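The values are calculated or read from the model by the stated rules, or taken from the named source; none is laboratory data. Just so it is clear, the model here is predicted, and its values are computed rather than measured. Here the Cβ is made from the backbone with ideal geometry for all residues, glycine too, and neighbour counts use every protein chain on show.
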Amino acid sequence: MARRKNNAVILAIESSCDDTSAAVMVDGKVRSNEVATQEMHRAYGGVVPELASRVHQENITLVVDVALRNAGVKTEDLNAIAFTRGPGLMGSLLVGISFAKGLSIGLGIPLIEVNHMEAHVLAHFIDLPTPALPFLCLTVSGGHTEIIRVETPLEMTRLGKTLDDAAGEAFDKTGKMLGLEYPAGPIIDRLAQEGAATYTFPKPQVDGLDFSFSGLKTAILYFLRDRVKTSPGFIEENLNDICASVQDTITDILVDKLKQASTETGIREIAIAGGVSANKSLREKVRHSAAKMGWQIHIPKIEYCTDNAAMIAMAGHFKYQAGRFTSLEAVPDVRLGIPGRHLEG
Ligand code: KG4
Ligand code: ZN
């Protein structure tokens, strides 16, 4: 295996869901970050796993090639290959892991497995200023809603998680009820800008730092069904206000728990991550809370919120520095997560 270098050149591959992404990082700095988004899932109202893996297979060589070219890096310059081991869809993960293994064998360089959820958190180390340690990170994506306490880039604990749907799912499922395309999160965000939060929905009462969004989904369903019964054009006529109201409720639930986590832990260094962290209302509420709570906040660039390989490279960089490499026997782990606090010690 290659000797560890200070100015390591790392190729990272992300293929956990429906985005095929490759990035090149040199000495901890992003040189390229290419993402091929799979548009065809829109027609199905959600990600179709079988289709996703086939399209990853079609795209991956080109995406890696463009990432290397845009970084001005040749394969022989690479020192390691980082890949997403999980969580994600089995078929999608297999494409990335197989490609990474092939390249690792061909070039005789080490592999580094990356936990996708840790990578979302570590996206905060891509640009300056990086968060001071320890910090709390609210990670909100299509499949996860978690509050993570970060001790060091290699040491984190989950303080809370969703008991059912993720925040992104709440956006996407509401979108489906409203007749919007998948993924609905960004569409609801845009329509909400033109509306007002005139409708109120119940907020779940969940113990500790855990979340729940399935009750809200049911409340929205019944609300829409009742309104449409008396006024068939209700959704079309009030779409922007409905979007603003749903968004306001989801982001309130998220920020309330984040405040609670900060109060309980005494940590005021606060970050948000994952696809839903691109949401304008969430960003606004976190900024607003910062003044009241004395928070130092870290809000990532939009391209580092949604799935991308730059964050995989960042996580890979830290592991490379620590000499944590992965054997060729590695297999995907669709349920890989960040350990909860009850597993501590
Ligand atoms: O992190 P991500 O790209 O992929 C997963 O790992 O799941 O997150 C995707 C989720 C989707 O549910 C999408 O609707 C949501 O992030 N999302 C948003 C916004 N942009 C993406 N939700 C609300 N507002 C946005 N602007
Ligand atoms: Zn993600």
Handout entry: Of all residues making up the stretch 298-323, the number that are in a loop (DSSP other than H, G, I, E, B) and within 12 Å of ligand 1 (Cβ to nearest atom)
Key = 5
Handout entry: Residue count, the stretch 324-345 (criterion: more than 16 Å from P87 (Cβ to Cβ) and in a loop (DSSP other than H, G, I, E, B))
Key = 7
Exercise for the section: Identify the residue in the stretch 252-280 that is within 14 Å of ligand 1 (Cβ to nearest atom) and not in a helix (DSSP H, G or I) and, among all such residues, is farthest from G208 (Cα to Cα). Expected result: N279
Exercise for the section: Would you be able to say whether some residue in the stretch 282-303 is modelled with pLDDT of 95 or more, within 12 Å of ligand 2 (Cβ to nearest atom) and closer than 18 Å to K259 by Cα? Expected result: no
Exercise for the section: Give the stretch 35-45 a look and list any residue that's touching a residue at least 60 places away in the same chain (Cβ under 8 Å) and within 16 Å of the chain's Cα centre (by Cα), or say none. Expected result: V35
Problem - Test result for V150, of a type in the set (A, V, I, L, M), assigned to a loop (DSSP other than H, G, I, E, B) and in contact with a Leu (Cβ under 7 Å, 6 or more places away or on another chain) - result: no
Fill in the blank from the handout: For the stretch 134-164, the count of residues that are out of contact with any strand residue (DSSP E or B) (no Cβ under 6 Å at 6 or more places or on another chain) and surrounded by fewer than 21 Cβ atoms within 10 Å (Cβ to Cβ) equals 8
